[in-house]
1. So if I check each of L9, L18, which one is modelled with pLDDT of 90 or more and outside any helix (DSSP H, G or I)?
2. Picking from L30, L9, L40, L18, which residue would you name as being away from the ligand (no atom under 13 Å from the Cβ), surrounded by 12 or more Cβ atoms within 10 Å (Cβ to Cβ) and not β-branched (V, I, T)?
3. Pull out all pairs, ordered by first then second residue, where Cβ-Cβ is under 8 Å, the residues are six or more apart or on different chains, the first lies in the stretch 5-32 and is free of Cβ contacts under 8 Å to residues at least 40 places away in the same chain, and the second is among the basic types (K, R) and assigned to a helix (DSSP H, G or I).
4. Please enumerate the residues belonging to the stretch 43-56 that are modelled with pLDDT under 80 and either within 16 Å of the ligand (Cβ to nearest atom) or basic (K, R) (or both).
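The values are calculated or read from the model by the stated rules, or taken from the named source; none is laboratory data. What you see is a predicted model, and the numbers here were worked out from it, not measured in a lab. Glycine also receives a Cβ, built like all others from the backbone with ideal geometry; neighbour counts cover every protein chain displayed.
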Amino acid sequence: MACRDTVHLTCWYLEGKLSPSVECEIEWHLNRCRDCRLILEAATKSLDQHVGTVRAARYRVRYGN
Ligand SMILES: [Zn+2]
């Protein structure tokens, strides 16, 4: 798998939407490619923030303030 493909699939990988065989290919690549690991790390952080925001919004709707 090329770096380009790995980066392209990173979001889906983090959300667990890929088939196990594709996940394997991504992990194989990540084990060997520092650049893509860094990108995955950054994506993980931004996803955390995004999920945190969504959770906070839901919390406000349900419980007020
Ligand atoms: Zn790569």
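1. L18
2. L18 is the lone residue from the list that is away from the ligand (no atom under 13 Å from the Cβ), surrounded by 12 or more Cβ atoms within 10 Å (Cβ to Cβ) and not β-branched (V, I, T).
3. L30/R37
4. If the condition is that a residue be modelled with pLDDT under 80 and either within 16 Å of the ligand (Cβ to nearest atom) or basic (K, R) (or both), then R55 is the only one that fits.
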